[in-house]
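Below you'll find the structure, written out as structure tokens, and then a few comments.
Laboratory data are not the source of any read-out in this text; all were calculated from the coordinates shown. All figures in this text were calculated on a predicted structure; none of them were measured in a lab. Here the Cβ is made from the backbone with ideal geometry for all residues, glycine too, and neighbour counts use every protein chain on show.
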Amino acid sequence: MLIARNSKGKIIRLWNSSVEERQRWKREPFDCPACQQPVILKNGEIKRAHFAHVSNENCQVFSEGETEEHLAGKQIFAEWCAARKIKYEVESYLPKLEQRPDILLQGGITVEFQCSLLSIEKMSERTRSYQKHGYHVLWILGEKLHPRKKLTHLQTHFLYFDPNVGYYLWGMDVKRSQLILWFHIEETSDGRLFYQKKEWSFDTNLEIGDLQFPKIGKIVSRREYDLQIEYQKKRRWIGKRLYYKDKKMLAMQARLYQNHQHLLGLNKWFYFPVVEPFFLEASLLQLLIRLWEINGDTLFKEQNFLQSSLQLKQLLKTSRNLRRLPNCKQDQLIDYFVAEYLSFWKGRKRDGFFQDPLKGKLPKQVHLSRTPLRNMIR
Ligand SMILES: [Zn+2]
């Protein structure tokens, strides 16, 4: 904690204190504004000055064992607000919510600088509670949670979505005093992660409006997928999962077998789109097979595209395999995904990608994904 209450009931703030003040405070009694239990000032060599509970068993609000990264991040934020004349409070306790955002900003923005792992339940519950009380919560990820090879289950829950930048995540690098935005995030079934990155410096160019980024920012990013290569990769991935006797994959194969089909010999149409939607726990392939069971091969006829996409939307919305992303509106994610998918089908129909490749050599087809995704060229 960077704040505590002294014996006169005054809130003491550490980030703009002097060395002399901190020396004096080492001998004074303080308590925690949330749980009223005694806290002491720790002013050591490794971590910056902070308050810690004498006994940390009873405080629900202030988690202990704070890392230097977490303390530094809050301080950087506080100093940035002060320099920009932005109204802010550090660790301000909100009694109605029984929560204590790291920073509370003007306009009802709460900042949670998340440096350690926490349970998905806790993260979701906190987010919902903020939303219910009219706060917009900005989850900013510390180093441990920065995206690397593949998004973990926990990391996906911090995702935000906006039609202009796609899926995005916020992060912070305290050593370099930078705020980071990863956007246009996409992941393939076989676990390849793609993103674009933008950074702002707390010392120079970060402004309050940047925190509402998708509303004001204009970033266009393009990503190309070679459809022939992706087709091969997807089938290789399925083959591998079958080889290792992945339960879900075997269950799908068993269903197909009844219809004299094999997972690796399906219409090309089944192996797309290239990216998996983050709002689904299961693979999209499962839903596509379900769709095919309902419609049969008429599914691939152009005059049925619209109807098929409506069915897909219905299947998605009622699926038991939805992943609730607390920072996103689920209906928006599904509507958007299905609209994009429909336009993908139409494009492939035009360029003949789904035709039998044996009937003639196809030109190299490329699937473009870009932000803004609207007006996508296909
Ligand atoms: Zn406490």
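Please rank Cys115, Cys59, fewest neighbouring Cβ atoms within 10 Å first, as an exposure proxy.
Cys59, Cys115
If each residue of separation counts as 0.36 nm, what is the full-extension length gain between Val220 and Gln106 once their alpha-carbon separation is subtracted?
Details: separation 114, 0.36 × 114 = 41.04 nm, distance 2.91 nm.
Stretched fully, the Val220-Gln106 segment lengthens by 38.1 nm.
Note: relative contact order over the chain, using C-alpha pairs below 8 Å and six or more positions apart, is 12 percent. Structure remark: mean-square fluctuation, Gaussian network model of the chain, C-alpha springs under 10 Å; the largest value among Tyr167, Tyr93, Tyr243 belongs to Tyr243. Label-to-label distance, Gln228 versus Thr204, with points set 7 angstrom from Cα along the beta-carbon direction: 4.5 nm. Between Arg128 and Glu28, the modelled labels are 4.1 nm apart [label points 7 Å from Cα along Cα→Cβ]. Taking Lys144 as the anchor, which lysines have their alpha carbon closer than 19 Å to its alpha carbon, excluding any fewer than eight residues away along the same chain? In chain and number order, the partners are Lys47, Lys74, Lys122, Lys175, Lys197, Lys198. Inverting the pair-averaged 1/r between distinct Cα atoms of the chain gives 23.7 Å as its Kirkwood hydrodynamic radius.
Which value does Rg/Rh take for the stretch 224-371 over its C-alpha atoms, Rh per Kirkwood? Computed over Cα atoms, the ratio is 0.94. Taking the number of Cβ atoms within 10 Å of each Cβ as an exposure proxy, the fewest-first ranking of Ile334, Ile238 is Ile334, Ile238.
Would you mind calculating the gained length between Lys301 and Glu143 on full extension (0.36 nm times residue separation, minus the Cα-Cα distance), in nm to one decimal?
My answer for the length gained is 52.1 nm.
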